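This report refers to the structure that appears directly beneath it.
The values are calculated or read from the model by the stated rules, or taken from the named source; none is laboratory data. Everything numeric in this text was worked out from a predicted model, so none of it was measured. Glycine also receives a Cβ, built like all others from the backbone with ideal geometry; neighbour counts cover every protein chain displayed. Heavy atoms of the whole protein, side chains included, go into the accessibility calculation; ligands, DNA and RNA do not. Shrake-Rupley method; radii C 1.70, N 1.55, O 1.52, S 1.80 Å.
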Amino acid sequence: MMATMADFGTRETPQWCPGCGDFNILTAVRAALAKTGKETHNTVVVSGIGCSGKTPHYIRTYGFESLHGRTLPVATGAKLSNRKLTVLAMGGDGDGYGIGLNHLMHTCRRNMDMTYIVHDNEIYGLTTGQASPTSMKGMKTKSTPHGLIELPIHPLALAITCDATFVARAYTGNIPHLTNIIAEGIQHKGFSLIDVLQVCPSWNRINTPDWFRTRIYDLQKEGHDSSDKTKAYEKALEDINSGYEKVPIGIFYKAQRPTYDDELPQLKDAELVNQDITKVDMSKTLAEFE
Ligand code: SF4
């Protein structure tokens, strides 16, 4: 029997602030797992540190709350150990685009078969409101009382440049669209980056639901061709290039190429967890330590 959305729930009560967009991401992830026919015991959710880091506690699958910025290496380890698992990685914009940014670039180029959902609230929320790598220039925060002087990271443009094969953006204010994007990311064979614009009512008073409402539009409704890499890159920069007048959501770029685990010779015959290690000859290696 296929797992339902309720099957992916746990008895834990989410400890997020009232009105936090993380609630909607949680709902969408559970719905997307059910929609794509995933099983609780064949799925693993890995998180980093931050408000989003608690997410694995609220989804009834295998879960791992890892170190700050190390979501993707841990998720990579899980996938390479058992490539039959469905692997979801989650973290915030600080975790993924600040502390762990180098991991994002390498996971893109490797085309690891997993889905990375970034809770992008454009602020450090858990530490009570410091500027993050995606905070808008000029934003006044606890760490930038005179206004942020750095330009933000462009995660989608970066992922396209690093040859990710599924690059998308969604918004926590539109759960059906968010669910569909996550479901498409899960079904995609290869690395999927889904940047989720997430409201943080406690600490980001600029990018509010009212701010998003007048700016967001759906790329797919405008007939965007997600196989056109040049156009995808252009669209990935449209928010900043339009002075934030237009903020596109949807699938920016999608392509097919072999995944890392497809090409790894050691996994050709069987998943690592199903290989008989008693037949591995370690004598030469051990002799080096004698
Ligand atoms: Fe959500 Fe912001 Fe509260 Fe964190 S600080 S739980 S991101 S509203």
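Are any residues in the stretch 35-64 open to solvent by 50 Å² or more (accessible area, probe 1.4 Å) and under 14 Å from the mean Cα position of the chain (by Cα), and if so, which ones?
Within the stretch 35-64, Ile49 is the sole residue that qualifies.
If Leu72 satisfies all but one of (1) of a type outside the set (S, T, N, Q); (2) open to solvent by less than 30 Å² (accessible area, probe 1.4 Å); (3) within 16 Å of the ligand (Cβ to nearest atom), what's the number of the condition it fails?
Unmet condition: (3).
Can you tell me which of Asn102, Asn111, Asn42 is touching a helix residue (DSSP H, G or I) at 6+ places or on another chain (Cβ under 7 Å) and farther than 26 Å from Thr208 by Cα?
Only one candidate passes the filter, namely Asn111.
Looking at Ile194, Ile240, Ile206, which is the one that is out of contact with any Asp or Glu (no Cβ under 7 Å at 6 or more places or on another chain) and in a loop (DSSP other than H, G, I, E, B)?
Ile206
If a residue counts only when it is of a type outside the set (Gly, Ala, Ser) and within 22 Å of Ile175 (Cβ to Cβ), which strands (runs of 3 or more DSSP E) contained entirely in the stretch 25-124 have at least 1 such residues?
It comes to 43-47, 86-92, 114-120.
Looking at Leu158, Leu197, can you tell me which residue is more than 16 Å from the ligand (Cβ to nearest atom), under 29 Å from Arg109 (Cβ atoms), in contact (Cβ under 8 Å) with a residue 12 or more places away in the chain and not aromatic (Phe, Trp, Tyr)?
Just a single option satisfies the conditions, and that option is Leu158.
Just to verify a result, which residue in the stretch 152-172, among those that are in a loop (DSSP other than H, G, I, E, B), on the phi < 0 side of the Ramachandran plot and in contact with a helix residue (DSSP H, G or I) (Cβ under 8 Å, 6 or more places away or on another chain), is surrounded by the fewest Cβ atoms within 10 Å (Cβ to Cβ)?
Cys162
Applying the selection to the stretch 77-99, what residues are small (Gly, Ala, Ser), surrounded by fewer than 23 Cβ atoms within 10 Å (Cβ to Cβ) and closer than 26 Å to Gln130 by Cβ?
Across the stretch 77-99, the qualifying residue is only Gly98.
Only one of Leu219, Leu286, Leu264, Leu237 is touching a Lys or Arg at 6+ places or on another chain (Cβ under 8 Å) and either of a type in the set (A, V, I, L, M, F, W, C) or within 16 Å of the ligand (Cβ to nearest atom) (or both); which?
Leu219
May I ask you to list the residues in the stretch 9-26 that are within 15 Å of the chain's Cα centre (by Cα) and open to solvent by 20 Å² or more (accessible area, probe 1.4 Å)?
Asn24 - this is the single residue of the stretch 9-26 that is within 15 Å of the chain's Cα centre (by Cα) and open to solvent by 20 Å² or more (accessible area, probe 1.4 Å).
Might you check whether a residue that is of a type in the set (Gly, Ala, Ser) and surrounded by 20 or more Cβ atoms within 10 Å (Cβ to Cβ) occurs anywhere in the stretch 227-234?
yes
Restricting to the stretch 10-57, name every residue that is in contact (Cβ under 8 Å) with a residue 24 or more places away in the chain and among the hydroxyl-bearing types (Ser, Thr, Tyr).
Thr10, Thr27, Thr36, Thr40, Thr43, Ser47, Ser52, Thr55
Pick from Ala183, Ala232: which is in contact with a helix residue (DSSP H, G or I) (Cβ under 8 Å, 6 or more places away or on another chain), in contact (Cβ under 8 Å) with a residue 12 or more places away in the chain and more than 28 Å from Met5 (Cβ to Cβ)?
Only one candidate qualifies: Ala232.
Which count do you get for residues in the stretch 235-274 that are open to solvent by 70 Å² or more (accessible area, probe 1.4 Å) and within 22 Å of Leu178 (Cβ to Cβ)?
Residues meeting the conditions: 2.
Go through (1) away from the ligand (no atom under 16 Å from the Cβ); (2) surrounded by fewer than 17 Cβ atoms within 10 Å (Cβ to Cβ) for Arg205 and report which single condition fails.
(1)
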